[in-house]
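Input: a single structure, listed below in structure tokens.
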Amino acid sequence: MKTKNYLIAIALFGGMLFTVCAANTLNLDGTTTAKVDKTKIKVPQNG
């Protein structure tokens, strides 16, 4: 029973950490957008 409670607590804590990291990574106010720099993409010659 203790193990089950510990696993539930760890899952909830991990979910909260993921939510915080995702909110910080994705700018929610929309002032900046993620852009792909096309000059860094290299296309192979053969394919």
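The values are calculated or read from the model by the stated rules, or taken from the named source; none is laboratory data. Just so you know, these numbers come straight off a predicted model, no measurement behind them.
As for segment 5-13, it holds no residue that is part of a helix (DSSP H, G or I), at pLDDT 85 or above and within 13 Å of the chain's Cα centre (by Cα). State all residues of segment 14-42 that are at pLDDT below 75 and of a type in the set (A, V, I, L, M, F, W, C); if no residue qualifies, say none. Answer for segment 14-42, where residues must be at pLDDT below 75 and of a type in the set (A, V, I, L, M, F, W, C): Ala22, Ala23, Leu26, Leu28, Ala34, Val36, Ile41.
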